[in-house]
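The values are calculated or read from the model by the stated rules, or taken from the named source; none is laboratory data. Worth saying up front: this structure is predicted, and the values here are computed from it rather than measured. So basically every Cβ, Gly included, is an ideal-geometry build from the backbone, and we count neighbours across all protein chains shown. All accessible areas refer to the heavy atoms of the entire protein, side chains included, with ligands and DNA or RNA removed. Shrake-Rupley method; radii C 1.70, N 1.55, O 1.52, S 1.80 Å.
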Amino acid sequence: MLATKTALTLEAARTIAAACDTEARSRGLRLVIAIVDDGGHLVLLHREDNAQVGSVEIATLKARTAVLFRRDTLDFQKVVEGEGRYALLCIPNGVPLDGGVLLRSGSEIIGAIGVSGASDEEDGDIGRIGAAALATASAID
């Protein structure tokens, strides 16, 4: 028997990115926003004009870290900073910095967003705003 699952669409990714971009602009931030599906594959990449190029890879890695390990990257950052578990810095292709946020449909993980270009806290705030925009849009549909 085959399982059915909810899939992240390009339209949903655009909604998420638009919410993030609106908030980033209101704060005067130039960010990169990467949105991946539940397998960590890029669905959408948004790079604000004059955003640092290095943030393209970091945003994508933050999103992939979140979805592949099924938790927000802030959880990793807290363990490294709070408990000194520096071994987490060796996670292959993992980024223990706030800004990688899971995207859910109900209890199902359907992808993640990665944000880079500002402080870790601001990146995380923007990512959580994007995730909330998806939840709001899903509740309306």
Cβ-derived FRET efficiency at R0 25 Å, HIS41 paired with THR6, nearest 0.05: 0.95
Within-13-Å neighbourhood charge of VAL79 [Cβ basis; K, R +1; D, E -1]: -2
Relative contact order computed over the chain (Cα-Cα under 8 Å; 6+ residues apart), in percent: 27 percent
Fraction of accessible area attributable to carbon and sulfur, the chain (%, probe 1.4 Å): 51 percent
Where labels lie 7 Å past Cα in the beta-carbon direction, separation of GLN52 and SER107 in nm: 4.0 nm
Per-residue [θ]222 nm for the chain (sum of -39500 (n - 2.57) over DSSP H runs n ≥ 4, rounded to 500): -15000 deg cm²/dmol
Of ILE113, ILE33, ILE58, the one that fluctuates the most in a GNM where the chain has Cα springs shorter than 10 Å: ILE58
Where labels lie 7 Å past Cα in the beta-carbon direction, separation of ARG30 and ALA18 in nm: 2.5 nm
Counted charge near GLU121, where neighbours are those whose Cβ lies closer than 14 Å (Asp, Glu -1; Lys, Arg +1): -4
Dipole of the chain, positive end: most advanced residue of GLY99, GLY28, LEU88 [Cβ charges, Cα centre]: LEU88
Environment charge of LEU103, counting only residues whose C-beta is closer than 14 Å and scoring Lys/Arg +1, Asp/Glu -1: +3
Inter-part distance where the stretch 7-33 and the stretch 59-108 are each reduced to a Cα centre, Å: 19 Å
Full-extension gain in nm, GLU83 to SER119, via 0.36 nm per residue minus C-alpha separation: 10.9 nm
At least 27 Å along the helix axis (C-alpha) and Kyte average at least -0.5, DSSP helices within the chain: 120-140
Over the chain, volume per residue of the alpha carbon convex hull, in Å³: 116 Å³
Descending principal axes extents, the stretch 1-43, alpha-carbon based, whole Å: 50, 16, 11
Accessible area expressed per residue, the stretch 20-140, with surrounding protein chains retained (probe 1.4 Å, Å²): 49 Å²
